[in-house]
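The values are calculated or read from the model by the stated rules, or taken from the named source; none is laboratory data. Note that the coordinates shown come from a computational prediction; the quantities given were computed from them, not determined experimentally. All Cβ positions, glycine included, derive from the backbone under ideal geometry; neighbour counts span all protein chains shown. Please note that ligands, DNA and RNA were not included when accessible areas were found on the heavy atoms of the full protein model with its side chains. Shrake-Rupley method; radii C 1.70, N 1.55, O 1.52, S 1.80 Å.
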Amino acid sequence: MKQKLKKILLFISNPRLLLCFGIAWMITNGWCYVFCALGPLLGWNWMTAMGVAYAAFLWFPATPEKIITFAITIALLRWWFPNDEKTLAVMRDGYEKLKSALVRKRKERKEKKLQKEEHSKED
């Protein structure tokens, strides 16, 4: 457990990843908070309204913003730092683990479905 926590902490505290995440966050979220702050200062009602409306949208539970932010982060990391194999390897490893878990679950569901069908045919 301690080893996993250390690995996650090192992954998250990578300066390249933090830079890419910060820029991705500004693309997806940050601009609306800037609009919320600057709109009233400059007296531009359209800027305030736009920032507040998007911020309200971000607080809905089903907003895909976090997924989009993570996708932009990965894209920026691959584009700007293609030789950062350490970070990219951790992400590839996580992707492969997730993929194998999904395949395993799909197989288990298929097997259960077949067992149910066989059991219902027997009755």
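Tabulated results
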read-out: R0 of 30 Å, Cβ-Cβ distance Ile68-Lys107: FRET efficiency to nearest 0.05; value: 0.50
read-out: Taking the chain and dividing mean pair separation by its residue count, relative contact order in percent (alpha carbons under 8 Å, at least six apart); value: 25
read-out: Segment His119-Gln3, extension gain: residue separation times 0.36 nm, minus the distance between their alpha carbons; value: 37.3 nm
read-out: For Rg/Rh (Cα atoms, Kirkwood Rh), calculated from these coordinates, the label among (i) 0.94; (ii) 1.20; (iii) 1.08; value: (ii)
read-out: Accessible area, probe 1.4 Å, largest first, for residues Trp25, Trp59, Trp46; value: Trp59, Trp46, Trp25
read-out: Cα-based shape type of segment 11-68, given that a ≥ b ≥ c are square roots of the gyration tensor eigenvalues and the cut on a/c is 1.5; value: oblate
read-out: Rounded accessible area per residue of the chain, 1.4 Å, Å²; value: 82
read-out: Residue order for Tyr33, Tyr54, Tyr95 - accessible surface, 1.4 angstrom probe, largest first; value: Tyr95, Tyr33, Tyr54
read-out: Rounded percent of accessible protein surface that carbon and sulfur make up, the chain, 1.4 Å probe; value: 68
read-out: Tilt relative to the chain, helix 15-25 - C-alpha long axis, 0 to 90 degrees, to 10; value: 80
read-out: Surface accessible to a 1.4 Å probe, Phe70 within the full protein complex, Å²; value: 110
read-out: Largest to smallest accessible area among Asp93, Asp84 [probe 1.4 Å]; value: Asp93, Asp84
